[in-house]
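The values are calculated or read from the model by the stated rules, or taken from the named source; none is laboratory data. Quick caveat: nothing in here was measured; it's all calculated off a predicted structure. Ideal geometry is used to build each Cβ from the backbone, glycine not excepted, and the neighbour counts take in all protein chains shown. Surface accessibility is based on the protein's heavy atoms, side chains included, excluding ligands, DNA and RNA. Shrake-Rupley method; radii C 1.70, N 1.55, O 1.52, S 1.80 Å.
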Amino acid sequence: MSFSHSEDKDLMIALRLLQMMMGAGASIEEAMKSVADSGLGSVSKSFSVILERSIDGGDISSEIKKEIGNVNSKPLKKLLSILDMGISSGGALGDGLLNLADMLNEEEKIKRKSLLKKIALASDMLTYVSMFSVVVIIFYLMSDMMQYGSFSITLISLEMVQSLLMLSVAVYVLVMLYIKLNDGGKMS
């Protein structure tokens, strides 16, 4: 995943704020100032840097281009490119911002579907691990019951049961870590 859920959310809020302000007649600089002051993580930070440099004598379009080179997030680069094109074309941003918002919504849906598939696969794995653990315990109990005087049948030893159950726990922990890491990397 290229960026975390909070960055997605921040970018979507910034897009909506830009759309709203531009629709109400604000200039691109005014809309960018509003986003910069909104505390939207890397989006606000990038906009603040651009505005500060442009106040110090730089051209806002060239400052946006410089910031595009400094940003790692592809959606944020795309947003900055749209803003630069809007400045070049005299402020017509509506369609570009709307298209970017739609693209981000679609990417989020795809990520969620992918995560759901991974969780379903992990759930199946956990079911198999649980069934395996139950079978190991049953075999151990059966071997414990199959003692006839001096004659006994050992299907599985206590050490083997402990090892297999520890393996089951390890698989369970790995599957849960896999799910957590694929869910934005947030560990609870």
Practice prompt. Would you mind stating whether Ile28 is open to solvent by less than 70 Å² (accessible area, probe 1.4 Å) and more than 25 Å from the chain's Cα centre (by Cα)?
Written response: yes
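Being among the hydroxyl-bearing types (Ser, Thr, Tyr) and either surrounded by 17 or more Cβ atoms within 10 Å (Cβ to Cβ) or on the phi > 0 side of the Ramachandran plot (or both) is the filter here; which residues of the range 43-60 pass it?
To start, the set of residues in the range 43-60 that are among the hydroxyl-bearing types (Ser, Thr, Tyr) comprises 44, 46, 48, 54.
Scanning the range 43-60 gives Ser44, Ser46, Ser54.
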Worksheet item: If we scan the range 73-88, do we find a residue that is in a helix (DSSP H, G or I), open to solvent by 40 Å² or more (accessible area, probe 1.4 Å), of a type in the set (Val, Ile, Thr) and in contact (Cβ under 8 Å) with a residue 24 or more places away in the chain?
Response: yes
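Conditions (1) open to solvent by less than 70 Å² (accessible area, probe 1.4 Å); (2) aliphatic (A, V, I, L, M); (3) modelled with pLDDT under 80; (4) assigned to a loop (DSSP other than H, G, I, E, B), marked per residue:
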| site | (1), (2), (3), (4) |
| --- | --- |
| Tyr128 | no, no, no, no |
| Ser143 | yes, no, yes, no |
| Gln162 | no, no, no, no |
| Met166 | no, yes, no, no |
| Ala170 | yes, yes, no, no |
| Gly185 | yes, no, yes, yes |
Worksheet item: What do you reckon, is Met176 out of contact with any His (no Cβ under 9 Å at 6 or more places or on another chain), at pLDDT 75 or above and open to solvent by 80 Å² or more (accessible area, probe 1.4 Å)?
Response: no
Discussion item. Is it the case, given these coordinates, that Arg53 is assigned to a helix (DSSP H, G or I), farther than 21 Å from Ser38 by Cα and among the charged types (D, E, K, R)?
Written reply: no
Discussion item. Between a residue in the range 121-142 that is closer than 10 Å to Ser168 by Cβ and any residue that is part of a helix (DSSP H, G or I) and hydroxyl-bearing (Ser, Thr, Tyr), which pairs come within a Cβ distance under 7 Å, given they are 6 or more apart or on different chains?
Written reply: Leu126/Tyr172; Val129/Ser168; Val129/Tyr172; Phe132/Ser168; Ser133/Ser168
Discussion item. Here is a check on your reading of the model: is Ile119 farther than 24 Å from Leu11 by Cβ, modelled with pLDDT of 75 or more, under 25 Å from the mean Cα position of the chain (by Cα) and in a helix (DSSP H, G or I)?
Written reply: yes
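Can Met103 be described as open to solvent by less than 70 Å² (accessible area, probe 1.4 Å), modelled with pLDDT under 80 and assigned to a helix (DSSP H, G or I)? Reasoning before the result, please.
Numbers: open to solvent by less than 70 Å² (accessible area, probe 1.4 Å): yes; modelled with pLDDT under 80: yes; assigned to a helix (DSSP H, G or I): yes.
So Met103 fits the description; yes.
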